[in-house]
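Report on the following structure.
The values are calculated or read from the model by the stated rules, or taken from the named source; none is laboratory data. A quick note: this is a predicted structure, and the numbers were derived from the prediction, not measured. Here Cβ is always computed from backbone atoms with ideal geometry, including for glycine, and neighbour counts include all displayed protein chains.
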Amino acid sequence: MRVTVEQIDPKHEEELIVRCYDPGAAWVLGVAEAASGQRTICGWQEDTMHRLKLSEILYFEVVDDRSFLYTQAAVFESKEKLYEFERMCAGSTLFRCSKSMILNAEKIDYVRPSLSGRFEAVLSNGEKVVVSRKYVTDLKRMLGV
Amino acid sequence: MKYITLWVRRYVTVYGIIMLCTFFMCLLFNPASELPVVTFFGRIMVFTLIALLSLAVYYSKEELTVKAWWVRTVLHLLLLEAVLLPLAHAWGFWQSGTDILVYAGFILLAKALWHLVDYSLNAKTAAQINEKIRENRLEKKSERNANPRPGNN
């Protein structure tokens, strides 16, 4: 496949045109997501598949070997494993916060210490989740502390 | 490297706490005792090592719930008392019936102090994180105000 990159004057708007055989091909969707800065993931509610933006997700949790995606309004089941989701989130605001959870740093309202030597993060929807001390350094690095 | 630093810091903290407790214990109940400096410090180092090894009771493949954490904390305290009290007796840190109660109290106090130090360090970290979250939010808000989206008025 031929790749052409053209440098333009800052006066003009940046644009990406993809010439392809199949607009639904995975690579085309991937390019579109990357260009719009919106990565997505599939979440399931019963038999319905939803495409969720990573920025919408509050946290990803594994409970009894099943994975769940939590957004402000709903819970979706996911087919991804924790390590797969963690890999997908690289470079985003989601980070591993405990042994079974990946949390969106942008959705944290505030954190507070807990007696158990860990941290409790209060999310934008009022929910409280545990952040292990082991992973708190990642959060600090992400926020620029 | 991160883990080595963490465990060295833990070792130094526990060492300090145990040394202080043992020092006051000897001062209170056995002020006339004479312990060679190297032996004293060596024994405290062994105590510290045991205290840190006993932290294995907190090991779990899954994240501990608050209840599970409390259960293990009690178990950890019992384990510390069961191992350190006979060892301290063998090394002459306590002698009689009253001493054992005080020494057991010191172990409890040392554990409480450990959690308190841990909590205060975490409180400091949490304050730094919250400050940064607040700063980032203000930054985003001012950016939004400076560049309002068309049609967002």
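Numbers at a glance
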read-out	value
Residue in the range A:33-57 that is surrounded by the fewest Cβ atoms within 10 Å (Cβ to Cβ), counting only those that are modelled with pLDDT of 75 or more and in a helix (DSSP H, G or I)	A:SER55
Residue in the range A:110-125 that is nearest to the chain's Cα centre (by Cα), counting only those that are more than 7 Å from every other protein chain (Cβ to nearest Cβ) and in a strand (DSSP E or B)	A:LEU123
Yes/no for A:THR71 being β-branched (Val, Ile, Thr) and at pLDDT below 90	no
Unique match (being closer than 26 Å to B:THR125 by Cα, among the charged types (D, E, K, R), loosely packed, with under 13 Cβ neighbours inside 10 Å and within 14 Å of chain B (Cβ to nearest Cβ)) among A:LYS134, A:LYS128, A:LYS107	A:LYS128
Qualifying positions in the range B:111-126 - among the basic types (Lys, Arg) and more than 10 Å from chain A (Cβ to nearest Cβ)	B:LYS111
Selected residue (criterion: surrounded by the fewest Cβ atoms within 10 Å (Cβ to Cβ)) from residues of the range A:58-74 that are small (Gly, Ala, Ser) and out of contact with any helix residue (DSSP H, G or I) (no Cβ under 8 Å at 6 or more places or on another chain)	A:ALA73
Test for A:LEU115: is it under 30 Å from B:THR5 (Cβ atoms) and modelled with pLDDT of 90 or more	no
Long-range neighbours under 8 Å by Cβ, at least six apart or interchain, first residue within 10 Å of chain A (Cβ to nearest Cβ) within the range B:135-147, second part of a helix (DSSP H, G or I)	B:ASN136/A:LEU143
Hits in the range A:77-96 - residues which are under 20 Å from A:GLN45 (Cα atoms) and assigned to a loop (DSSP other than H, G, I, E, B)	A:LYS79, A:GLU80, A:LYS81
Selection from the range B:48-104 of residues that are of a type in the set (Phe, Trp, Tyr) and farther than 25 Å from B:ARG9 by Cα	B:TRP91, B:PHE93, B:TRP94
